[in-house]
Amino acid sequence: MLDEMYRSVEGYELIEKVKIDLILVCGDCQTVRHFDDLKCLNVPDKYKKMGDFHKYYSGQEKVPKLTIFVGGNHEASNYLMTLPYGGWVCDNFYYLGYAGVVRYKGLRIAGVSGIYSHHDCNRGRFERLPFNPDSIRSIYHTRRLDIFRLQLLSRNADDKDPLDVFLSHDWPGRIYDYGNKNQLIRFKPHFERDIQRKALGSPLTEPLIKQLKPKKWFAAHLHCKFQAQVKHDTNGRCTEFLSLNKIENRRNFMEVIDLEPNQAQESEHDDDLYHDVEWLTILKKTISLENSSSENVSCPNINDDKGKTYLPTDDEIKQTLELMEKSGGLKIEKNFKMVEPVIYNRTGQLPPSMDMNREKNYKNHLTIKLLERLQFQSSEAPDSRDQKIKQEDDFKVEPDTKSEPGNCTNGQGIKQENDSKSSIKFEPHIDVKPKPFPKVKVEDCKYSSPNNVEFNNNTKIKKRVFPEGQSQVELDDEGCLPVYVDTKGER
Ligand code: 5GP
Ligand code: MN
């Protein structure tokens, strides 16, 4: 899909002789890095396909144009959850986080990820790996806190610093009342009942249209092109809504738009993305409201006195700016790095992960860095508050004597049935003649982690596969994985 999207954009540029600066994507990008991420993507089994994101992630393909996206309901949620406040998912491909605001050429671009669920919107962000049938869905349901944070922008949205673009995956509730509803129903008759019940679109994002008054609101999810115009009382302002079809339907999936920045700042005239200082102040002020309970949790209401105490003051915004300037400024550094160990360069094969069962919560250096730059006390940072999260270091490999050939075993000795849809199958085809260290043929392994290699014949070695501090390693010309010997283990 990404290949096709970039081809379409480049084709348009060639034919129309124009240059497109930025691509905005409204979710369901999938962001599957390797085969095992499919375990965290909620789609029917027949759709569990690798897609093409992994090529961009591994660097095999380059993202040709800066792309910004919000998450939908079909994403490798285990990956996106490492970036709650946004960040690069690969070079030149920026995720806005559960909610987020960035600036590009002076344009103010905000967005919210996920879709609406009445059942989950009041719960904390409790989801941890491995996902179960409940959490693999709830993880992409928008939470009230994401919305509250965006509502706190409204103070500046009117005149001082208006929003140019808002991105969401599902439609804001009742947006059909502001466009050609009859045509929509003719085209999508199964929406009629939901429209009558006022149940099409998200009631969570509905108030944001009038509170934030973005010039443009782009969405997706309902697989059709639909336009609407919401007029606001003040200064003749209006929000133009546009939702497009999905790329697979091959029509109306792309629209080229001219956007005039209205408050371009000197420093933002280059091609880089910038943090939005008001948004960072809001994140800083509301981090204490984050909650990891799976129960319903309370969230302040923007219309209450208590809710209003979270509005960022000019002084607080200034303090955030000073903090950011001390550590490099507001420009978003192009510092994508893979988050977890992955073996690449296995010609013609899907890249395997180092965590077949998708159990480990890898921290994302971009999230850690942003939290550090905003100077959260360690007790405030969401990860350190939550002792339940299993981190990479918590996983110690125990010898598993019960494995049978043909069954994959993960590092904890948990047996996993061979299932061509959801796990990598390594056929036990190797001869077991010892090979001299320090190289291991990757075809001989059915599992490897930074500290261990398990062979197809179920023998294991406890060796560091990756050099200290590195999370990825490239195979050499002979397709071998270097092993860094630092224990007395024998193969
Ligand atoms: P996705 O592409 O996310 O798998 O699925 C979206 C599909 O669900 C689309 O075909 C869309 O028409 C349908 N859909 C999503 N939300 C609603 C809704 O609120 N009402 C109805 N009737 N269909 C919906
Ligand atoms: Mn969707």
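Can you confirm whether MET354 is farther than 22 Å from ASP276 by Cα and at pLDDT 65 or above?
yes
Among (1) modelled with pLDDT under 95; (2) closer than 30 Å to GLN196 by Cβ, there is one condition PRO162 misses while meeting the rest; what is its number?
All conditions are met except number (2).
Among the residues of the stretch 24-49 satisfying the criterion of being under 16 Å from the mean Cα position of the chain (by Cα) and among the aliphatic types (A, V, I, L, M), which is farthest from ligand 1 (Cβ to nearest atom)?
So, considering only residues that are under 16 Å from the mean Cα position of the chain (by Cα) and among the aliphatic types (A, V, I, L, M), the one farthest from ligand 1 (Cβ to nearest atom) is LEU24.
Considering only residues that are surrounded by fewer than 20 Cβ atoms within 10 Å (Cβ to Cβ), within 23 Å of the chain's Cα centre (by Cα) and more than 11 Å from ligand 1 (Cβ to nearest atom), which ones fall in the stretch 207-225?
Of everything in the stretch 207-225, just one residue is surrounded by fewer than 20 Cβ atoms within 10 Å (Cβ to Cβ), within 23 Å of the chain's Cα centre (by Cα) and more than 11 Å from ligand 1 (Cβ to nearest atom), namely LYS216.
Matching residues to (1) of a type in the set (A, V, I, L, M); (2) more than 16 Å from ligand 2 (Cβ to nearest atom):
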{"residue": "ARG33", "(1), (2)": "no, yes"}
{"residue": "LEU41", "(1), (2)": "yes, no"}
{"residue": "PRO64", "(1), (2)": "no, yes"}
{"residue": "PHE69", "(1), (2)": "no, no"}
{"residue": "TYR79", "(1), (2)": "no, yes"}
{"residue": "PRO84", "(1), (2)": "no, yes"}
{"residue": "VAL102", "(1), (2)": "yes, yes"}
{"residue": "ALA110", "(1), (2)": "yes, yes"}
{"residue": "ILE115", "(1), (2)": "yes, no"}
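Do you know which of the residues in the stretch 7-65 that are assigned to a helix (DSSP H, G or I) and among the small types (Gly, Ala, Ser) is surrounded by the fewest Cβ atoms within 10 Å (Cβ to Cβ)?
The residue in question is GLY11.
Would you check which residues across the stretch 226-249 are open to solvent by 40 Å² or more (accessible area, probe 1.4 Å) and either part of a helix (DSSP H, G or I) or within 16 Å of ligand 2 (Cβ to nearest atom) (or both) and list them?
THR234, ASN235, GLY236, LYS246, GLU248, ASN249, listed by residue number.
In the stretch 66-80, what count of residues is obtained for those that are within 14 Å of ligand 1 (Cβ to nearest atom), assigned to a loop (DSSP other than H, G, I, E, B) and small (Gly, Ala, Ser)?
2
In the stretch 113-139, which residues are within 14 Å of GLU75 (Cβ to Cβ), outside any helix (DSSP H, G or I) and within 16 Å of ligand 1 (Cβ to nearest atom)?
Matches in the stretch 113-139: SER113, GLY114, ILE115, ILE139.
Name the residue, out of ASP134, ASP170, that is in contact with a Ser or Thr (Cβ under 9 Å, 6 or more places away or on another chain), open to solvent by 10 Å² or more (accessible area, probe 1.4 Å), free of Cβ contacts under 8 Å to residues at least 12 places away in the same chain and more than 21 Å from LEU370 (Cα to Cα).
None of the others qualify; the one that does is ASP134.
In the list MET81, MET1, MET5, which residue meets the criterion of being modelled with pLDDT of 95 or more and more than 16 Å from the chain's Cα centre (by Cα)?
Of the residues listed, the single one that is modelled with pLDDT of 95 or more and more than 16 Å from the chain's Cα centre (by Cα) is MET5.
If I ask for residues that are within 16 Å of ligand 2 (Cβ to nearest atom) and in a strand (DSSP E or B), which ones from the stretch 159-175 would you list?
Within the stretch 159-175, LEU167, SER168, PRO172 meet the criteria.
Consider the stretch 85-95. How many of its residues are in a loop (DSSP other than H, G, I, E, B) and within 8 Å of the chain's Cα centre (by Cα)?
Within the stretch 85-95, residues that are in a loop (DSSP other than H, G, I, E, B) and within 8 Å of the chain's Cα centre (by Cα) number 1.
Which of the following residues is in contact with a strand residue (DSSP E or B) (Cβ under 6 Å, 6 or more places away or on another chain), at pLDDT below 95 and more than 16 Å from ligand 1 (Cβ to nearest atom): GLU260, GLU240, GLU268?
The unique qualifying residue is GLU268.
Can you tell me which of (1) out of contact with any Leu (no Cβ under 6 Å at 6 or more places or on another chain); (2) under 20 Å from ASP276 (Cα atoms); (3) of a type in the set (Val, Ile, Thr) is the one ILE147 doesn't meet?
With respect to (1) out of contact with any Leu (no Cβ under 6 Å at 6 or more places or on another chain); (2) under 20 Å from ASP276 (Cα atoms); (3) of a type in the set (Val, Ile, Thr), ILE147 is out only on (1).
Pick from the stretch 153-197 the residues that are basic (Lys, Arg) and within 11 Å of ligand 1 (Cβ to nearest atom): which of them is nearest to the chain's Cα centre (by Cα)?
My answer is LYS188.
Just wondering, is there one or more residues in the stretch 137-157 that are out of contact with any Pro (no Cβ under 6 Å at 6 or more places or on another chain), of a type in the set (S, T, N, Q), without any contact (Cβ under 8 Å) to a residue 40 or more places away in the chain and away from ligand 2 (no atom under 16 Å from the Cβ)?
No, the stretch 137-157 has no match at all.
Take the stretch 176-198 and flag every residue that is within 16 Å of ligand 2 (Cβ to nearest atom) and in a helix (DSSP H, G or I).
HIS190, PHE191, ASP194
The values are calculated or read from the model by the stated rules, or taken from the named source; none is laboratory data. Given the structure is predicted, the values throughout are model-derived calculations rather than measurements. Positions of Cβ are backbone-derived with ideal geometry, glycine not excepted, and every protein chain shown enters the neighbour counts. Each accessible area value is taken on the protein alone, full model and side chains, heavy atoms only, with ligands, DNA and RNA left out. Shrake-Rupley method; radii C 1.70, N 1.55, O 1.52, S 1.80 Å.
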